[in-house]
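Reviewing the structure listed below.
The values are calculated or read from the model by the stated rules, or taken from the named source; none is laboratory data. Only a predicted model underlies this, so the values are computations on that prediction, with no experimental measurement involved. Cβ: placed from backbone, ideal geometry, glycine included. Neighbour counts: every protein chain shown. SASA here: full protein model, heavy atoms, side chains in, ligands and nucleic acids out. Shrake-Rupley method; radii C 1.70, N 1.55, O 1.52, S 1.80 Å.
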Amino acid sequence: MSTILITGCNGFIGKNLSLFFAQNGHKVLGIDIDHTEESLLNALSQADFIVHLAGVNRSTSLEDFHKGNVDFTTHLLTCLEQLSKSIPIIVSSSTQALLDNPYGQSKKAMEDVVIAWAKRTHNKAFIFRLTNVFGKWCRPNYNSAVATFCYNLAHGIPLTISDPKKMLHLCYIDDIATSFLKIIESASSLETGFYEVMPILSLTLEELVQKLTAFSKNQNTLFMPNLEGHFNKALYATYLSYLEDDMRFYALNSHCDARGSLTELIKSHTFGQIFISSTKPGITRGNHWHHTKVEKFVVLQGQATIALRSILDTNIINYDVSGEKIQVIDIPPGYTHSITNTGTTDLITLFWASEVFDPSSPDTYYEEVHK
């Protein structure tokens, strides 16, 4: 177990790293903008490793950039020398260090300070030039397009895009945490220098907005967005983190009649749909078949008989099922099928269909199982 000091611990990245490191068995110390000199020295005296995140990334003052990024880093390293500690450090820089702007210039100067210190003191420094970091707890309307777009979509605020074709290179917070932890746990075999967080997602602003907009429509349309791949899952998780407490639950539209109710839950263009039904005692549902559509039936509560018959013969197959033992019945094409509530209480059944129901092309043909 290492004792890791995180500067800027209360920021977006700091909060995530603090939890991640602790969950992986390390002791985490933190200092932030309100730290005292005494608390800084005390933390440095205990630390085995430093993750340096603190700095200034937005200001109207050139002096603020230099003071927050260069001067504080210089002071941090000077304190280490005064303590005569040999300790490796991860430094969070920015891809803007390659650009000719006040913020980028201050980050480049900070990198130079760190590299010079590492050479002078024979310590190790690992510098990451991060770009467009996104994830839970990132502040909207600050310096992250993902955070701003997620927040605005969740709150019904129109999105403004100046250049739809502008290319973005996104880095997910969990990938940063994983990359940093690998450095911490293998620092002895690594050399001072520049390191990268992988993977990076490259897409246009327009593509990003399309993805996030699809996420925001899910509660109304029930269509699940495309979650294939690491970044689609990460973006969807990030979007959900911006929903307020009263936005996380929503009613579903139930179709009710004398038989019970039918409620659609999830739809997808790639895996079909999931719905739930309640069925009164003695009632039978179904008595239809499909050419291509296939289904799965799962009784969650109550007792039922699921009956199948190939439309080419008269042999009936019965499956007696109960919510006391969760079982799945696959319904193949070309078999007419039904489900009958054989119990004394409402039957609750979960259904999956391989395609979303389309009234104009339902692939559903009435024929009773028991002729």
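Brief remarks follow.
- Hits among lysines - C-alpha to C-alpha of K107 under 19 Å, sequence gap 8 or more where chains match: K67, K119, K124
- Axis angle, to the nearest 10 degrees, between helix 37-46 and the longest C-alpha principal axis of the chain: 70 degrees.
- Pair L203, L300: separation of 7 Å Cα→Cβ label points (nm): 3.0 nm
- Eligible lysines near K293 by straight Cα distance, threshold 29 Å, same-chain separation 8 or greater: K211, K217, K233, K267, K280, K325, K371
- On segment 39-105, 50 percent of the accessible area sits on carbon and sulfur atoms, based on a 1.4 Å probe.
- The calculated FRET efficiency for N57 paired with L252, based on their beta-carbon distance and R0 = 35 Å, is about 0.25.
- Among (1) 91, 46, 35; (2) 66, 48, 34; (3) 81, 61, 37, the entry that matches Cα extents along the principal axes in Å as calculated here: (1)
- Relative to the 2.2 N^0.38 Å rule of thumb, segment 1-123 has a C-alpha radius of gyration ratio of 1.03.
- Calculated accessible area for the chain comes out at 52 Å² per residue, all protein chains present (probe 1.4 Å; ligands, DNA, RNA ignored).
- Zero-based 5 Å bins, Cα pair distances in segment 49-182, whole percents: 2, 9, 17, 19, 19, 15, 10, 5, 3, 2, 1
- Whole-percent carbon and sulfur share, accessible surface of segment 257-371, 1.4 Å: 56 percent
- The Cα atoms of segment 255-371 cover 36, 34, 27 Å along the three principal axes, with the biggest extent listed first.
- Take every pair of alpha-carbon atoms less than 8 Å apart whose residues are at least six positions apart; their mean separation over the length of the chain yields a relative contact order of 11 percent.
- 11 Å beta-carbon shell around D174, net charge (K/R +1, D/E -1): +1
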